[in-house]
Amino acid sequence: MPDPLALALTPQIGPQRLQQALSTDLSVEAVAEVLGPEIAAGYARTLQSGLAEQERAQAARLGVRLIGLWEEDYPEVLRHLESPPTVLYLKGELPPSERNIGIVGTRKASPWATAWTHKVARELAEAGIGIISGLALGIDAAAHKGALDGGGYTLGVLGSAIDRFYPAQNRALAERMSVLSEFPLGTPPQAGLFPRRNRIVAAFSRAVLVVEAGEKSGSLITAKFAAELGRDVLAVPGRPGDTFSLGCNRLIQDGAGLVLNTEDVLNALGVLAPKKQAVQLEGSEAKVYRALLELPEALPDDLAQSTGLSTGEVLSVLMMLELKGLVQSSAGRYSPA
């Protein structure tokens, strides 16, 4: 029987040829008329092998949903790409709204960039913004974790098949969120596949934020796709001599929006920042917090010396302030959130 999934899984069938063939009854003869006898012969072999049925059965065992380019619930933002994925492999849910931002950056993120990304992603999630990224180490992982900690939606787009997850270090994180791939089951991670997933990150996002990126970072590919799709490109500035921030600084030179905090991101998205409820602090909490305002990025020993409290007391207070969302820590140093 004719099967669009079998056609999509046939070698040499890309989105353009698939769309051409979808206008027919998908018989081998009709495909031969539209795409030629060689491709039709490959389609016939795929039908005969039962590959499509095997793919559906394996996806069902994995709890993965297949969404073909020929289906009504295929995302419109992807359908209009120059080269849309022919089949989506989804575990979880597609973005529930268009209020999404892509957050990307280096895998070798510095402590401040990781902490900043987590904080901003959490606050964006609390404001109802979905977070889209590539589930890589570093900035991507911090963005996904921040979204989850903020009780929000986050989607990771893979550069491998959904059953050949990479990197393994983020597997536990992936189990807590939605994950998407365009690659057939069994496809291993390959260098050439990762840039392709970046166009999906950009397409689902109203804007793309680059947090920390070198001059040749793959994050810049995502930013390029975003610009081509008419999305806003945002970047966090870094020190002029910092090689890991050179890509971000270049983006800003070229017109990307400069971002310093969550409010800047929300403004770029046209979303009003939620009003934070005032928190009343008393006693040692107030004392430590006032000292922290004067000594940002302080060590607990510094705060102990400033407040007259013991280091143990300071650490206990810092823990409570962190739970209240007033303090953040990075590499053993503390600063106001």
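The values are calculated or read from the model by the stated rules, or taken from the named source; none is laboratory data. Not measured: the values here are computed from a predicted model. FYI the Cβ positions are ideal-geometry reconstructions off the backbone, even for glycines, and counts take in every protein chain you see. The accessibility values were calculated without ligands, DNA or RNA, using every heavy atom of the protein model including side chains. Shrake-Rupley method; radii C 1.70, N 1.55, O 1.52, S 1.80 Å.
Some values worked out for this structure:
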quantity	calculated
Loop-located GluC sites (Glu not before Pro) in the range 182-247 whose Cβ has at most 16 other Cβ within 10 Å (DSSP)	Glu215
Of Lys91/Lys216; Lys119/Lys324; Lys108/Lys324; Lys91/Lys145; Lys119/Lys145; Lys119/Lys287, those spanning more than 20 Å from alpha-carbon to alpha-carbon	Lys91/Lys216; Lys108/Lys324; Lys119/Lys287
Residue-normalised accessible area of the chain, given per residue in Å² at a 1.4 Å probe	49
Rounded percent of accessible protein surface that carbon and sulfur make up, the range 261-337, 1.4 Å probe	50
Within the chain, percent of DSSP bridges classed antiparallel, to nearest 5	40
For the range 92-187: Kirkwood Rh in Å [reciprocal of mean 1/r, alpha carbons]	13.1
In sequence order, calculated HN-Hα J values of the range 131-136 (Karplus, 6.51, -1.76, 1.60; Hz; x Gly/Pro)	10, 10, 7, x, 6, 7
Unit charges on C-beta of K, R, D, E only; dipole of the chain, Debye	480
The range 118-238: proportion of alpha-carbon pairs further apart than 19 angstrom, %	44
For the chain: rounded, prolate or oblate by the Cα gyration tensor [a/c cutoff 1.5]	prolate
Computed [θ] at 222 nm, helices only, for the chain once each DSSP H run of length n ≥ 4 contributes -39500 (n - 2.57)	-13000 deg cm²/dmol
Portion, in percent, of the accessible area of the range 37-185 that falls on carbon or sulfur, probe 1.4 Å	50
Per-selection Rg to Rh, the range 10-82 - Cα, Kirkwood hydrodynamic radius	0.99
Most fluctuating residue given options Ala141, Ala235, Ala286, as computed from a GNM of the chain linking Cα atoms under 10 Å	Ala286
Cut-off 15 Å, label 7 Å out along Cα→Cβ of Arg290, residues of the range 306-330 by amide N	306-309
Calculated on alpha-carbon atoms, Rg and Dmax of the range 140-188 in Å	10.9, 33
Relative contact order [Cα under 8 Å, 6+ residues apart], the chain, whole percent	12
Protein-only accessible surface order, largest first, of Ile252, Ile101 at 1.4 Å	Ile252, Ile101
Long-range HN-HN contacts of Leu234 with modeled amide H, under 5 Å	Val208, Leu209, Val210, Gly257
Listed residues Gly270, His118, Tyr334: farthest to the positive end of the dipole of the chain (Cβ charges)	Tyr334
Order of exposure, largest accessible area first, which applies to Phe194, Phe225, Phe183 with probe 1.4 Å	Phe225, Phe194, Phe183
The range 1-141: C-alpha gyration tensor shape, a/c 1.5 cut-off, then a/b vs b/c	prolate
Near-label residues of the range 78-122 by backbone N, under 20 Å of a point 7 Å along Cα→Cβ of Ser49	86-89
Karplus-derived HN-Hα couplings along the range 291-308 (A = 6.51, B = -1.76, C = 1.60, θ = phi - 60°), whole Hz, x at Gly and Pro	5, 5, 5, 8, 10, x, 6, 8, 7, x, 5, 5, 5, 5, 5, 6, 9, x
